[in-house]
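Peer 1: Quick one: the structure is below, and I'll ask about it shortly.
The values are calculated or read from the model by the stated rules, or taken from the named source; none is laboratory data. What you see is a predicted model, and the numbers here were worked out from it, not measured in a lab. Here the Cβ positions follow ideal geometry from the backbone for every residue, glycine too, while neighbour counts run over all protein chains shown.
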Amino acid sequence: MLHIIDDIRQQAALKLDQAKRSEQGQYMTPAPTAELLASMFDNFSGDVSLLDAGAGVGSLTAAFLQRVVQEGGVNKITATAYETDKVLINNLHNSMALFAEVAGEQKIQWHSNIIPADFIESAVNQLQAISFDATPITRYNKAILNPPYFKIGSKSRHRKLLQQVGIETGNLYSAFVALAIKLLEPGGELVAITPRSFCNGPYFKGFRDILLEDTALKKIRVFNSRTKAFKGDKVLQKM
């Protein structure tokens, strides 16, 4: 199944606006990297509420489902995928249909929700709803992310939105991860691939504070070569 999705990913990449893709920091996840991320979760049992923000064609969700099928123990999966690119959304619908078929064959209840919206804006709105009127929001017990890698301007709309929920960061990848952390259930697990730049200096101090205060870091995998992790993409940051 994952190899089918990887073929879809490669075909979809040819149809994307390459200038826009670079501008938005879109680097879709190859199958081996997706499998690695899925392997880093510890707990697979019961009902899963999965977040895949910046889902692309669904490579990470595919790898997650593949591991569930291999190991068993999960009764139900509710997968929420955020994506804004129209080309990728069309492919993502096809991927989700395949996932439903595979899950059905394994007697796993499958529900999916593709949200064609800005993840930052949507997550901020949900988090603000908690603060203002205690409105229940969707919580996730699993999150798997390959977020976009692009700087956020100090006066940009995204920067102002993030500040409204106490997140001070200057890059989309750290914004996506910080918001996903805040949307997790207590005891939930998040696996994300990110540049290493958040580890040093004052630029990412706010993001590091969220990591250290709200999570427990259990596993870290460092890629020696970013070109191998993202074959075909010109990724400039070390992962």
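Peer 1: Sort through Thr29, Thr33 and tell me the only one that's modelled with pLDDT of 90 or more, outside any helix (DSSP H, G or I) and touching a helix residue (DSSP H, G or I) at 6+ places or on another chain (Cβ under 6 Å).
Peer 2: Checking each option against the conditions leaves just Thr29.
Peer 1: Take the residues in segment 56-83 that are touching a residue at least 40 places away in the same chain (Cβ under 8 Å) and in a loop (DSSP other than H, G, I, E, B); name whichever of them is surrounded by the fewest Cβ atoms within 10 Å (Cβ to Cβ).
Peer 2: Gly56
Peer 1: Within 22 Å of Leu60 (Cβ to Cβ) and surrounded by 13 or more Cβ atoms within 10 Å (Cβ to Cβ): does that describe Val165?
Peer 2: No, not satisfied.
Peer 1: Would you check if there is a residue in segment 5-12 being under 12 Å from the mean Cα position of the chain (by Cα), crowded, with 20+ Cβ neighbours inside 10 Å and not basic (Lys, Arg)?
Peer 2: Checking segment 5-12: not a single residue is under 12 Å from the mean Cα position of the chain (by Cα), crowded, with 20+ Cβ neighbours inside 10 Å and not basic (Lys, Arg).
Peer 1: What number of residues within segment 84-99 satisfy the criterion of being within 21 Å of Asn141 (Cα to Cα) and surrounded by fewer than 17 Cβ atoms within 10 Å (Cβ to Cβ)?
Peer 2: 0
Peer 1: If Asn146 satisfies every condition in (1) loosely packed, with under 13 Cβ neighbours inside 10 Å; (2) out of contact with any strand residue (DSSP E or B) (no Cβ under 6 Å at 6 or more places or on another chain); (3) at pLDDT 95 or above but one, which is the exception?
Peer 2: (1)
Peer 1: To continue, here is another question. Take Asn125 and tell me if it is among the polar types (S, T, N, Q) and at pLDDT below 95.
Peer 2: Against the criterion (among the polar types (S, T, N, Q) and at pLDDT below 95), Asn125 qualifies.
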